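Shown next, in structure tokens, is the structure this report addresses.
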Amino acid sequence: MVSEVKTVSGRGIPLVGNDIDTDRIIPARYLKAVTFDGLGEGAFIDDRTALKGEHAFDQPQYQGANILIVNRNFGCGSSREHAPQAIAKWGIEALIGESFAEIFFGNCVAMGIPCVTADAVTIKQLQDLVAANPQATVTVNLETRRVQIADYTAPVAIGEGTRSTFISGTWDACGQLVANADQVRVTAAKLPYVGWGNLAAS
């Protein structure tokens with residue numbers, strides 16, 4: 001199934017700091033958008049403006065990176081889905097952190113973006129390795145629950161239920177509906193209220 005997510009490989013980008021909330025990830029003024037298109041340009045825009053090019057998302061060595069390495073309680077604050085959408089539109093396909101806010105984590109899962117955790121010492125080591133060698137390949141392996149950068153490997157954690165949905169591809173609710181469209185139609189045909197709805201609509 002195309003929705004299976006077993007490993008994510010690419011380059012890393014370290015974003016140091018605890019309690020980075022969703023308003024910092026994508027400011028509230030971007031919530032007026034009708035679609036999520038273009039949100040990547042607004043990711044961390046206020047922090048990036050304040051840091052005048054020194055933010056990790058603006059530094060040339062991290063352009064094209066797809067694995068974000070963060071610290072504690074990332075994605076806290078409001079429940080806006082625009083936050084993981086902005087990160088995804090920027091190009092992030094997986095996150096490694098000390099911990100994630102629950103709703104942010106759930107929104108990432110619904111989008112097919114795994115968020116794995118590790119202790120503070122491991123996270124600092126990963127961030128330091130990427131900072132020292134931004135071109136190094138970073139691999140997050142959900143099957144083995146390990147992350148690798150060059151010769152360094154470390155264990156990461158992810159709940160078994162969440163892990164199995166990624167590996168099997170069942171995280172993709174819409175994809176599941178499309179793949180089982182025939183069964184959905186058969187079941188719908190047996191439901192009297194679906195027929196009433198059709199009659200009412202006609």
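Can you tell me which residue within region 85-143, out of those that are open to solvent by 10 Å² or more (accessible area, probe 1.4 Å), touching a helix residue (DSSP H, G or I) at 6+ places or on another chain (Cβ under 8 Å) and among the aromatic types (Phe, Trp, Tyr), is nearest to LEU68 (Cα to Cα)?
It comes out as TRP90.
Considering (1) under 19 Å from ARG163 (Cα atoms); (2) in contact with an Asp or Glu (Cβ under 8 Å, 6 or more places away or on another chain), say which one HIS55 fails and leave the rest.
Here HIS55 clears every test but (1).
Out of region 34-79, which residues are open to solvent by 40 Å² or more (accessible area, probe 1.4 Å) and modelled with pLDDT under 95?
VAL34, THR35, PHE36, ASP37, GLY38, GLU41, GLY77, SER78, SER79, listed by residue number.
Here are ASP46, ASP37, ASP19: which of them is out of contact with any Leu (no Cβ under 9 Å at 6 or more places or on another chain), more than 26 Å from ALA136 (Cα to Cα) and part of a helix (DSSP H, G or I)?
ASP46
The values are calculated or read from the model by the stated rules, or taken from the named source; none is laboratory data. All of these numbers come straight from a predicted model, not from anything done at the bench. Cβ atoms come from the backbone with ideal geometry, glycine included; neighbour counts cover every protein chain shown. What goes into the accessible areas is simple: the full protein's heavy atoms, side chains included, and nothing from ligands, DNA or RNA. Shrake-Rupley method; radii C 1.70, N 1.55, O 1.52, S 1.80 Å.
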